[in-house]
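This report refers to the structure that appears directly beneath it.
The values are calculated or read from the model by the stated rules, or taken from the named source; none is laboratory data. Just so we're clear, the structure is a prediction, and the values are computed from it rather than from any experiment. Ideal geometry is used to build each Cβ from the backbone, glycine not excepted, and the neighbour counts take in all protein chains shown.
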Amino acid sequence: MSAHLSIEQVGFGYGARQVLRDVSVELAKGDILGLIGPNGAGKSTLVRIVLGLASPSSGRVLLDGKDMRGMTPKARARRIAYVPQSSPLSFPATVFETCLLGRTPHMGASPSRKDLAVVEDLLGRLRLEDFAFRPMSELSGGERQRVMLARALAQETDVLVLDEPTSALDIGNQLFTLRVVAEIARERGVTALVAIHDLSLAARFSDSLLLLDKGAVVGHGDWQETLTEARVRDVYGVDVEIGILRGVPVFAPHELT
Amino acid sequence: MDIATTAGLPNGHAALGSARRYRQAGRWRLAVIVLSALALFVLAGAVAVVGISETGLATLLAIVVEKLSFGYVKANADPQQARVLLYLRLPRVVMAMVAGGSLAFAGVLMQAITRNPLVSPYTIGVSSAAAFGASVAIMFGVGFSAAGLYFVPLTAFLFALGCAVLVFSMAWLRGMGAQTMVLTGIALMYLFSAMTAAVQFVATQEQLARVVHWTFGSLNGIGWDAVAVAGLALLIALPLAQAKAWQFNALTSAGDDVSRSLGINVAMLRGLAVVLSVVVSAVVISFTGVIGFVGLIGPHVGRLIIGSDHRYLIPFASICGAALLLLADTLGRMAFSPTVIPVGIVVAFVGVPLFLHLILSRRSEYFS
């Protein structure tokens with residue numbers, strides 16, 4: 001079985017300042033990979049490389065076995081969509097207008113009826129229909145995050161890359177956002193790469209985890225094998241107790257080591 | 001407040017599907033653009049005949065028709081009157097519209113690529129560079145007048161272009177980031193303003209008067225040659241920018257990274273916008289002198305009325321800028337007639353109250 005998305009020996013940085021070193025991982029179609037690690041571990045850089053926003057200094061990223069550097073920007077935009085951590089609010093744009101931008105790689109100078117219909121459906125699915133014509137600036141952080149997710153889903157790609165999608169959200173919105181991602185991954189066979197800080201959420205919603213530390217892979221696999229109490233102590237410098245409450249993995253930080 | 005009410009559609013359409021409502025708002029915005037363009041032309045005609053005795057719109061139309069039909073249709077107008085209209089009044093009126101439209105157009109593009117509502121041809125240094133170029137030409141131009149009448153505008157244009165190249169290449173070195181462009185532009189604006197002031201120190205009384213007059217910005221003595229050059233620049237730039245309108249939407253409301261992940265070549269888009277906005281505004285400023293305010297508020301007035309979608313904003317802000325400058329110049333001509341107050345001064349008197357009114361009365365979320 002060949003991988004859908006594979007990151008092959010990716011390195012980034014120059015000389016002594018290596019941000020990423022020899023990172024390799026393969027994702028099967030419909031898989032959710034949780035990308036975890038302390039601040040500065042290289043998660044964001046890896047996200048940018050997969051999106052084509054940064055070029056690796058070594059290694060490559062393959063989609064269906066093809067090197068992504070060979071793709072035109074538009075072709076890539078039809079395959080990979082990006083949910084950023086935040087969005088600029090420089091000029092007033094409505095929720096509908098913002099989501100519609102996700103149709104950009106599929107349209108000419110203006111959106112078609114089909115583009116509008118796709119957005120209308122997604123707004124319903126993400127419970128945003130009541131906000132459709134509100135300006136983004138009037139929305140709460142959770143609503144805004146949902147709009148950015150809707151924009152990425154409107155791109156109708158087979159890969160989704162999310163950079164800290166839950167770090168600014170309350171627990172209700174955290175659950176809702178990740179549940180939508182998990183549903184979409186299952187329904188449409190969308191492969192997702194999620195950079196995320198919250199270990200409980202990462203363990204719960206990912207099919208497998210990739211733990212980065214100082215630019216290198218220090219753990220890879222399902223959550224039980226990746227996040228042992230000993231490894232969390234090594235990588236994060238925190239004494240944790242790992243438990244499972246009604247099927248949900250919980251990481252209780254006790255003391256700094 | 002939402003886009004539907006922005007374009008004048010009454011509220012209470014919650015039952016409509018959002019796709020249908022979006023299309024409806026689009027049709028309203030289109031109607032607003034067409035109607036305001038028509039209103040602008042009527043206004044221009046009315047303003048052209050104001051202040052010329054016994055001349056009405058009918059006379060103006062007859063004279064224009066006579067000219068366009070190469071005398072085939074006779075206007076039977078007083079030849080003196082016809083000359084005043086054709087060679088003094090009409091070029092001035094048309095230039096007011098072209099200049100206002102160009103500066104607002106340039107402002108929309110510059111604000112879009114920098115995502116900064118404070119940017120305009122003035123704040124990015126282009127106007128100050130042109131003013132310095134004009135001062136140098138006025139001071140040291142004697143003996144170099146090979147280019148004749150066009151020596152001052154040509155020098156002003158070259159300096160404006162040089163300033164833009166500086167801003168552009170600095171930003172290029174730093175990856176075409178929005179912040180670099182704004183900061184470099186502001187720094188250069190101060191530099192060129194200081195150099196213009198320095199030049200004024202060594203100017204004679206007569207030169208000083210000309211330099212000061214130029215820095216006020218005025219439409220006195222504008223002929224069809226200036227209208228042709230500036231009008232052509234705008235007519236070429238408008239459709240080129242309009243073709244990228246959707247990409248400007250992405251750049252302003254999604255940011256650089258997301259725009260790139262949507263398949264947009266952001267560096268190329270910025271480059272195109274810089275070239276179009278700088279050429280168009282520099283051409284206008286070289287003929288009229290520094291007219292500062294329109295490039296800043298034209299885009300805001302447009303956005304407050306029609307929303308941020310650049311497919312509508314680019315043409316509509318240009319119409320707003322044209323109307324604003326036309327009104328300002330007419331007021332400047334009439335207020336203390338026969339003394340003409342330079343349009344660069346009047347536009348602030350007209351624009352600031354209008355602007356403040358819009359900020360206070362319209363969308364509270366606009367300047368969040």
- [ ] Go through B:G56, B:G101 for me and flag whichever is of a type outside the set (A, V, I, L, M), closer than 22 Å to B:A323 by Cβ and touching a Gly at 6+ places or on another chain (Cβ under 6 Å).
- [x] B:G101
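Could you tell me which of the residues B:A348, B:A335 is over 17 Å from the mean Cα position of the chain (by Cα), modelled with pLDDT under 90 and farther than 26 Å from B:W246 by Cα?
Values: B:A348 fails: over 17 Å from the mean Cα position of the chain (by Cα).
Testing whether each residue is over 17 Å from the mean Cα position of the chain (by Cα), modelled with pLDDT under 90 and farther than 26 Å from B:W246 by Cα leaves just B:A335.
Filter the stretch B:250-263 for residues that are at the interface with chain A (Cβ under 7 Å from one of its Cβ atoms) and without any contact (Cβ under 8 Å) to a residue 24 or more places away in the chain and give the result.
So the first thing to find is which residues in the stretch B:250-263 are at the interface with chain A (Cβ under 7 Å from one of its Cβ atoms), and the list is B:250, B:252-255, B:257-258, B:260-263.
Of everything in the stretch B:250-263, those that are at the interface with chain A (Cβ under 7 Å from one of its Cβ atoms) and without any contact (Cβ under 8 Å) to a residue 24 or more places away in the chain turn out to be B:A250, B:A254, B:D257, B:V258, B:R260, B:S261, B:L262, B:G263.
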TODO: Restricting attention to the stretch B:104-137, report how many residues are under 27 Å from B:F151 (Cα atoms), among the aliphatic types (A, V, I, L, M) and touching a residue at least 40 places away in the same chain (Cβ under 8 Å).
DONE: 9
Task: B:R311 being assigned to a helix (DSSP H, G or I), under 30 Å from A:T157 (Cα atoms), at the interface with another protein chain (Cβ under 10 Å from one of its Cβ atoms) and touching a residue at least 60 places away in the same chain (Cβ under 8 Å) - done: yes
TODO: Could you list all residues from the stretch A:209-243 that are surrounded by 18 or more Cβ atoms within 10 Å (Cβ to Cβ), under 28 Å from A:D170 (Cβ atoms) and of a type outside the set (A, V, I, L, M, F, W, C)?
DONE: A:T226, A:Y236
Task: In the stretch A:41-68, residue nearest to A:K29 (Cα to Cα) [restricted to those that are touching a residue at least 12 places away in the same chain (Cβ under 8 Å) and part of a strand (DSSP E or B)] - done: A:L63
Open item on the list: Please verify whether B:A203 is surrounded by fewer than 20 Cβ atoms within 10 Å (Cβ to Cβ) and more than 9 Å from every other protein chain (Cβ to nearest Cβ), treating the condition exactly as stated.
Closed with: yes
TODO: Just one of (1) farther than 28 Å from B:I291 by Cβ; (2) in contact (Cβ under 8 Å) with a residue 24 or more places away in the chain; (3) exposed (fewer than 13 other Cβ atoms within 10 Å of the Cβ); (4) not charged (D, E, K, R) trips up B:P79, so point out which.
DONE: (2)
TODO: Name the residue, out of B:L304, B:L272, B:L240, that is closer than 30 Å to B:S193 by Cβ and within 14 Å of another protein chain (Cβ to nearest Cβ).
DONE: B:L304
Open item on the list: Among the numbered criteria (1) buried (at least 17 other Cβ atoms within 10 Å of the Cβ); (2) out of contact with any Pro (no Cβ under 6 Å at 6 or more places or on another chain), which one does A:I49 miss?
Closed with: (2)
Task: Number of positions in the stretch B:222-254 that are surrounded by 20 or more Cβ atoms within 10 Å (Cβ to Cβ) and farther than 17 Å from B:F287 by Cα - done: 12
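Any idea which of B:T180, B:T155, B:T184, B:T252 is of a type in the set (S, T, N, Q) and farther than 30 Å from A:Q85 by Cα? Show your work before the answer.
Working: B:T180 fails: farther than 30 Å from A:Q85 by Cα; B:T184 fails: farther than 30 Å from A:Q85 by Cα; B:T252 fails: farther than 30 Å from A:Q85 by Cα.
After ruling out the rest, the residue left standing is B:T155.
What about B:L183, is it closer than 16 Å to B:I113 by Cβ and out of contact with any Cys (no Cβ under 7 Å at 6 or more places or on another chain)?
Numbers: closer than 16 Å to B:I113 by Cβ: yes; out of contact with any Cys (no Cβ under 7 Å at 6 or more places or on another chain): yes.
Yes: the conditions hold for B:L183.
From the set of residues in the stretch B:304-332 that are over 14 Å from the mean Cα position of the chain (by Cα), of a type in the set (A, V, I, L, M, F, W, C) and over 28 Å from B:T215 (Cα atoms), which is modelled with the highest pLDDT?
Keep residues of the stretch B:304-332 that are over 14 Å from the mean Cα position of the chain (by Cα), which gives B:304-312, B:330-332.
Subset that is of a type in the set (A, V, I, L, M, F, W, C): B:304-306, B:331.
Adding the requirement that they be over 28 Å from B:T215 (Cα atoms) leaves B:304-306.
Details: B:L304: 88, B:I305: 90, B:I306: 93.
Checking each candidate, the answer is B:I306.
Counting residues that are closer than 15 Å to B:Q247 by Cβ and at the interface with chain B (Cβ under 7 Å from one of its Cβ atoms), which helices (runs of 4 or more DSSP H) fully inside the stretch A:69-143 reach at least 3? Reasoning before the result, please.
Working: elements: A:73-77, A:95-100, A:113-125.
Where helices (runs of 4 or more DSSP H) fall fully within the stretch A:69-143 and carry at least 3 residues being closer than 15 Å to B:Q247 by Cβ and at the interface with chain B (Cβ under 7 Å from one of its Cβ atoms), they are A:73-77.
Collect the residues in the stretch A:185-217 that are of a type outside the set (A, V, I, L, M, F, W, C) and not in a strand (DSSP E or B), keeping them in residue-number order. Spell out how you get there, then give the answer.
Just the residues of the stretch A:185-217 that are of a type outside the set (A, V, I, L, M, F, W, C), to begin with: A:186-189, A:191, A:197-198, A:200, A:204, A:206-208, A:213-215.
Listed by number, the residues that qualify are A:R186, A:E187, A:R188, A:G189, A:H197, A:D198, A:S200, A:R204, A:S206, A:D207, A:K214, A:G215.
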- [ ] Taking A:A77 as meeting all but one of (1) among the small types (G, A, S); (2) surrounded by fewer than 24 Cβ atoms within 10 Å (Cβ to Cβ); (3) touching a residue at least 24 places away in the same chain (Cβ under 8 Å), write down the number of the exception.
- [x] (2)
Task: Single match in B:V280, B:V258, B:V290, B:V275 (criterion: assigned to a helix (DSSP H, G or I) and under 13 Å from the mean Cα position of the chain (by Cα)) - done: B:V280
Task: Single condition B:G143 does not satisfy, out of (1) more than 14 Å from chain A (Cβ to nearest Cβ); (2) modelled with pLDDT of 85 or more - done: (2)
Task: Members of the stretch B:8-54 found to be within 11 Å of another protein chain (Cβ to nearest Cβ), modelled with pLDDT under 70 and under 22 Å from B:R311 (Cα atoms), listed by number - done: B:L9
Task: Unique residue being within 14 Å of chain B (Cβ to nearest Cβ) and modelled with pLDDT of 95 or more when the list is A:A152, A:A192 - done: A:A152
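Quick one: in the stretch B:314-349, of everything that is among the aliphatic types (A, V, I, L, M) and assigned to a loop (DSSP other than H, G, I, E, B), which residue is surrounded by the most Cβ atoms within 10 Å (Cβ to Cβ)?
Within the stretch B:314-349, the first condition is being among the aliphatic types (A, V, I, L, M), and the residues that meet it are B:314, B:317, B:319, B:322-328, B:331, B:334-335, B:340-341, B:343, B:345-348.
Restricting the remaining residues to those that are assigned to a loop (DSSP other than H, G, I, E, B) gives B:335, B:340-341.
Values: B:A335: 12, B:V340: 16, B:I341: 19.
Step by step, filter the stretch B:314-349, then rank; the result is B:I341.
Give A:S167, A:S206 a once-over and let me know the one that is of a type in the set (S, T, N, Q) and surrounded by fewer than 23 Cβ atoms within 10 Å (Cβ to Cβ). It would help to see each step written out before you state the result.
Details: A:S206 fails: surrounded by fewer than 23 Cβ atoms within 10 Å (Cβ to Cβ).
Only one candidate passes the filter, namely A:S167.
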Open item on the list: Given the criterion under 16 Å from B:V258 (Cα atoms), modelled with pLDDT under 95 and polar (S, T, N, Q), identify the matching residue among A:S44, A:S57.
Closed with: A:S44
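Determine, yes or no, whether B:L232 is away from every other protein chain (no Cβ under 12 Å) and of a type in the set (A, V, I, L, M, F, W, C).
On the way: away from every other protein chain (no Cβ under 12 Å): yes; of a type in the set (A, V, I, L, M, F, W, C): yes.
Considered against the rule, which asks whether it is away from every other protein chain (no Cβ under 12 Å) and of a type in the set (A, V, I, L, M, F, W, C), B:L232 comes out as yes.
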